[in-house]
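Scroll down for the structure; my scribbles are underneath it.
Laboratory data are not the source of any read-out in this text; all were calculated from the coordinates shown. Keep in mind that this is a model prediction, so the values were computed, not measured. Don't worry about glycine lacking a Cβ; one is built from the backbone with ideal geometry, like all the others, and counts go over all protein chains shown.
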Amino acid sequence: MKEFWKSNSYNIVKCLLNQVAITMFGLMIAFATMQNETMLLIGSLFSIGFYLFLTYYMFWEIGGKDRIQEDAGRRKKTPVRGLVISLISYIPMIIMAILLLVTFPHTETSEPAANVYFVVNMLTRALHAMYLGLITLYSPYNQIAWILVCLPAPIVAQVGYMLGNRNFRILGLFGIKPNLKDETR
């Protein structure tokens, strides 16, 4: 376990920093487009797409580096490493989503539950600002939606890791060839 934390702590912190950075971006987009529902939807979809692309690319690189180490015999194959790293970095968001789900039914009858719900709701909306437009438009009072928004990033992380580990570039499907240096071709 100690070895896992030693070798993955940088990537876990990087995931959290990506989350915080895209939160700022998502908040700017949400506040700028809040007056128009269509623009809010477009801005939210763009923010989500950008966040998932950053996640994919980060884990593609991790998978590629792991493949080099695996081929050299310096690392054992770890096929779900992307998923595990992403889930560990998402623990705070998952805990907050569960807290929202548990405290919401008791907000009318319990003042402490209402207070916890209010604080956690604000933090969750801030940390998942890229999803704010979708949830505001289509599911504003459904607390399960906050659990569902925790799913795409770990899934995309695992897909990115697997494709990077196999050196498969998803942009190649669209005919986009990467601009590689001569040494890496």
>> Would you confirm whether or not the stretch 27-39 contains a residue that is of a type in the set (Asp, Glu), part of a helix (DSSP H, G or I) and loosely packed, with under 14 Cβ neighbours inside 10 Å?
In response: yes
> Restricting the stretch 143-174 to residues that are touching a Leu at 6+ places or on another chain (Cβ under 7 Å) and closer than 15 Å to ASP66 by Cβ, which is surrounded by the most Cβ atoms within 10 Å (Cβ to Cβ)?
Replying inline: ALA157
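Would you mind stating whether ILE48 is buried (at least 18 other Cβ atoms within 10 Å of the Cβ), hydrophobic (A, V, I, L, M, F, W, C) and under 19 Å from LEU163 (Cβ atoms)?
Working: buried (at least 18 other Cβ atoms within 10 Å of the Cβ): yes; hydrophobic (A, V, I, L, M, F, W, C): yes; under 19 Å from LEU163 (Cβ atoms): no.
In short, no.
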> For the subset of the stretch 134-159 comprising residues that are of a type outside the set (A, V, I, L, M, F, W, C) and touching a residue at least 60 places away in the same chain (Cβ under 8 Å), which member is nearest to ILE48 (Cα to Cα)?
Replying inline: PRO152
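Give the residue, chosen from VAL120, VAL116, that is in a helix (DSSP H, G or I), crowded, with 20+ Cβ neighbours inside 10 Å, without any contact (Cβ under 8 Å) to a residue 40 or more places away in the chain and among the hydrophobic types (A, V, I, L, M, F, W, C). Please lay out each step first, then the result.
Working: VAL116 fails: crowded, with 20+ Cβ neighbours inside 10 Å.
None of the other options fit; the residue is VAL120.
Quick check: anything in the stretch 168-180 hydrophobic (A, V, I, L, M, F, W, C), in contact (Cβ under 8 Å) with a residue 24 or more places away in the chain and under 25 Å from GLY43 (Cα atoms)? Walk me through how you get there before you give the answer.
Filtering the stretch 168-180 for residues hydrophobic (A, V, I, L, M, F, W, C) gives 168, 170-171, 173-174, 176, 180.
Going one step further and asking which of them are in contact (Cβ under 8 Å) with a residue 24 or more places away in the chain, we end up with 170.
Narrowing further to those that are under 25 Å from GLY43 (Cα atoms): 170.
Yes, the stretch 168-180 contains a residue that is hydrophobic (A, V, I, L, M, F, W, C), in contact (Cβ under 8 Å) with a residue 24 or more places away in the chain and under 25 Å from GLY43 (Cα atoms).
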